1. For residues in region 45-104 being acidic (D, E) and not in a strand (DSSP E or B), which is nearest to Y24 (Cα to Cα)?
2. Pairs needed: first member in region 78-93, farther than 19 Å from G127 by Cα and surrounded by 18 or more Cβ atoms within 10 Å (Cβ to Cβ); second member anywhere, of a type outside the set (S, T, Y) and modelled with pLDDT under 85; C-beta distance under 8 Å; at least 6 residues apart or different chains.
3. Output yes when any residue across region 122-134 is β-branched (V, I, T), at pLDDT below 85 and either over 22 Å from the mean Cα position of the chain (by Cα) or buried (at least 19 other Cβ atoms within 10 Å of the Cβ) (or both), and no when none is.
4. Please go through region 120-137 and give me each residue that is of a type in the set (A, V, I, L, M, F, W, C) and not in a strand (DSSP E or B), ordered by number.
5. Of all residues in region 394-425 being in a strand (DSSP E or B) and touching a residue at least 40 places away in the same chain (Cβ under 8 Å), which is nearest to I313 (Cα to Cα)?
6. Could you tell me whether region 105-112 includes any residue that is at pLDDT 85 or above and either part of a loop (DSSP other than H, G, I, E, B) or farther than 18 Å from L141 by Cα (or both)?
7. Just to verify a result, which residue in region 183-224, among those that are within 18 Å of the chain's Cα centre (by Cα) and among the small types (G, A, S), is surrounded by the most Cβ atoms within 10 Å (Cβ to Cβ)?
8. Among the residues of region 337-348, is there at least one that is buried (at least 19 other Cβ atoms within 10 Å of the Cβ) and over 22 Å from the mean Cα position of the chain (by Cα)?
Amino acid sequence: MGKAVYWVILVVLICASSLSAATYYVDDCNGNDNWDGKSPLYVSQNTGPVKTISKGLQCSDRGDIIIVADGVYRGGKNLQLHFDNEEVTLKSTNGPDGCVLNFYGDNYFWNFNSDVKILINGFTIKGITNEIIKVYQQNKLEFDNCIFENNTLEYVNSLITCYEQGSLKLNNCIFRNNIVEQGSIVKSSGFANIEVLGCELTENISLYDYSIISCMGDCNTVIANTQVDENWNYGGSKIRGIYCSGSANVKIIGCDITNNSSDYYASGIVCEDTANVIISGCNISNNSSMKDNYGICVRNGYTTKIKIENCIISDNSFSAQGYNEGCGIFAEEGTLEVVNCLISGHPEYGILIGSKVEKAMIKNCAIVDNIDACDSFGIRSYNNLTIVENCILKDNGNNQLYGKYIVVSYSDISDNTDHIWPGFGNLNADPLFADPNNGDYHLLSQAGRWDPDSQQWVRDDVSSPCIDGGDPTDWVGDEPAGSGGRINMGYFGGTAQASKADFCNGSLPGDINRDCIVNFVDFALMTSDWLSSTIEQP
């Protein structure tokens, strides 16, 4: 009985300790550093908000919250910050519009003890001229709902750097009107972990070699639902929206990398030196330069592995000395897989594949309207083997495909001739896109086509020959009821917006291949995965 009581008391003490986190208040206008910071308003001689952020940090303990009142905070006691506690939250009262940390060109630094966890929420941070925010030694730093603006970093510096096993998370933050000479807005390297989620990086300027976000040296990076838009480079060098290098493991999901420009060289995304990258659901468009320009560039790394899926890559170009050129995807080395992508509007190449590429697989893509007055190519390949399956190529100059070792199957290579590219199931026919002049590459269908403008299914007078034209052994994926049981060619094949082949009245739960009937074909598909599981094993 005595031991039971002892353990109960111990558990109660532990729970009480975990619930004892305190809240401290900072108020630049009404606070006093001789007060205890335990109230947002003055209460008595010793009780009320402190005046400076550094005093608030000194008062706090592990797990405490420091709430900062609206105001503009300057000077060393507000900006020369020491994060000594293992876990603390620094939060503004009303968000970044009302609470500003203004460094005003002073060289203050933020110091972190080893293995701390810091959350900074709701500040505008401006006037930084040196690399003051460095996350390393297993420290964990999170910025939530912050604005970084009007910072000018000289020499080889980055606005935020994460390295040496540090962890950085940027959630719903805005980076705008910042200038760097030879660094990045956000940089990670050396076994770091970084997440950039729901952020905007816009109207930033580089004077020399520059990337908006750099992921290097065995770092693990997730960039999701983030906008990299209208950033500029001057000084005859490079701008890259996102740069991955040195065995980086990177996932770029649901991002817009658009309208970035350079007076020399530009790319939306660059992956080199053994980077393992997944790019999914992104829009990489309208990036421009005065020299080489690519939507996505894979280079300088024989073991580079990159998968690009469900992306729009369009209108990336450069203009110089009377030439107008540009490329959607350039793979110089490594392995390349491109699935369910729309690649259009490039003056020179839709996809360019170099001789050192180990393997290239292009599947269920629409590669269209990559054309200029000079020779243009939908796909040009110099490597040993390029596989093209379930794709549509149209209006890419006189060269829809060019290469000695291109294997094509179940694809529509539409080139205004009678020639059909050798291979199983290939066509040379008008794919009957819904409205290509306005970027709608859904296939016309009498049974049903998804209309992105009205957000509903509509029926056309004719049906595309590419419906149900894909590899009959491929899984139909998310194609809707009425898909006919066979994957479509093109960008939307295997997706929920695939044009329909049959008139199904409703859907049947057992109709696995979506052909409007439940039969032994569905049974065979089910049993082929019998007892398979997507649950991760402990």
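The values are calculated or read from the model by the stated rules, or taken from the named source; none is laboratory data. Note that the structure is predicted; figures quoted are calculated from it, not measured. Note that each Cβ is placed from the backbone with ideal geometry, even for glycine, and that neighbours are counted across all protein chains shown.
1. Our first condition is that a residue be acidic (D, E); within region 45-104, this holds for 61, 64, 70, 84, 86-87, 97.
From what is left, the residues that are not in a strand (DSSP E or B) are 61, 70, 84, 86, 97.
On the way: D61: 10, D70: 15, D84: 16, E86: 16, D97: 21 Å.
The extreme case among them is D61.
2. Partner pairs satisfying both residue conditions: F83/N111; F83/F112; F83/N113.
3. Initial filter on region 122-134 (β-branched (V, I, T)): 124-125, 128-129, 132-133.
Next cut, at pLDDT below 85 only: 132.
Filter again for either over 22 Å from the mean Cα position of the chain (by Cα) or buried (at least 19 other Cβ atoms within 10 Å of the Cβ) (or both), leaving 132.
Yes: one or more hits.
4. Of region 120-137, the ones of a type in the set (A, V, I, L, M, F, W, C) are 120, 123, 125, 128, 132-133, 135.
If the condition is that a residue be of a type in the set (A, V, I, L, M, F, W, C) and not in a strand (DSSP E or B), then F123, I128, I132 are the ones that fit.
5. The initial filter retains those residues of region 394-425 that are in a strand (DSSP E or B), namely 394, 399-402, 406-409, 412-414.
This time we only want the ones that are touching a residue at least 40 places away in the same chain (Cβ under 8 Å), so: 409, 412.
On the way: S409: 23, D412: 20 Å.
My answer is D412.
6. Our first condition is that a residue be at pLDDT 85 or above; within region 105-112, this holds for 110.
Next, from what is left, pick out any that are either part of a loop (DSSP other than H, G, I, E, B) or farther than 18 Å from L141 by Cα (or both): none.
Looking through region 105-112, none of the residues is at pLDDT 85 or above and either part of a loop (DSSP other than H, G, I, E, B) or farther than 18 Å from L141 by Cα (or both).
7. The extreme case among them is S188.
8. Kept after step one, since they are buried (at least 19 other Cβ atoms within 10 Å of the Cβ), are these residues of region 337-348: 338-348.
Narrowing the set further to residues that are over 22 Å from the mean Cα position of the chain (by Cα) leaves 347-348.
So far as region 337-348 goes, yes, one or more of its residues are buried (at least 19 other Cβ atoms within 10 Å of the Cβ) and over 22 Å from the mean Cα position of the chain (by Cα).
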